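Everything below concerns the one structure shown next.
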Amino acid sequence: MCHIYMDNSLADWFVGAYKASGKKLDMGKCCVRFKKLEDLPLELVAEALGKWTVEEFVSKYQAAISAPRPKRR
């Protein structure tokens, strides 16, 4: 679910859709925590995963890791 972390509009959509599913959302930056499979809206997860292609993910990932980073002190 890293692509959700990388795209604010997708993250907003996912959080709203998850809450609308009636399931309790327990989410970190890009992980969704659950105890039982029944606690997870699988159709929503599948829809979220389909929002980006593999090529889009790789392109955004490569851009993120090649971006200049601030120097540490």
Original post:
Which residues in the range 38-65 place their backbone N less than 18 Å from a point set 7 Å from the Cα of Leu25 along the Cα-to-Cβ direction?
Top reply: 39-52
Original post:
Heavy-atom accessible area of Asp7 with all protein chains present, probe 1.4 Å, nearest 10 Å²?
Top reply: 40
Original post:
Which whole-Hz couplings ³J(HN,Hα) result when phi for each residue of the range 14-31 is put into the Karplus expression 6.51 cos²θ - 1.76 cosθ + 1.60, θ = phi - 60°, listed in order with x for Gly and Pro?
Top reply: 4, 4, x, 5, 5, 5, 5, 6, x, 8, 7, 8, 10, 10, x, 5, 9, 10
Original post:
Amide H of Met27: which non-local residues (sequence gap of 5 or more, or other chain) have their own amide H closer than 5 Å, using H built in the peptide plane?
Top reply: Arg33
**OP:** Among the listed pairs Lys19/Lys51; Lys24/Lys51; Lys35/Lys71; Lys19/Lys60; Lys23/Lys51, give every one whose C-alpha distance is greater than 29 Å.
**Re:** Lys35/Lys71
**OP:** Could you rank Arg73, Arg33 by how accessible they are, 1.4 Å probe, largest area first?
**Re:** Arg73, Arg33
**OP:** Take the alpha carbon gyration tensor of the chain, find the square roots of its eigenvalues, order them as a ≥ b ≥ c, and report rounded if a/c is under 1.5; if not, report prolate when a/b exceeds b/c, else oblate.
**Re:** prolate
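The values are calculated or read from the model by the stated rules, or taken from the named source; none is laboratory data. What you are looking at is a predicted structure, and each value in this text was computed from that prediction instead of being measured. Ideal geometry is used to build each Cβ from the backbone, glycine not excepted, and the neighbour counts take in all protein chains shown. Note: accessible area is taken over every heavy atom of the protein model, side chains too, but ligands, DNA and RNA are not part of it. Shrake-Rupley method; radii C 1.70, N 1.55, O 1.52, S 1.80 Å.
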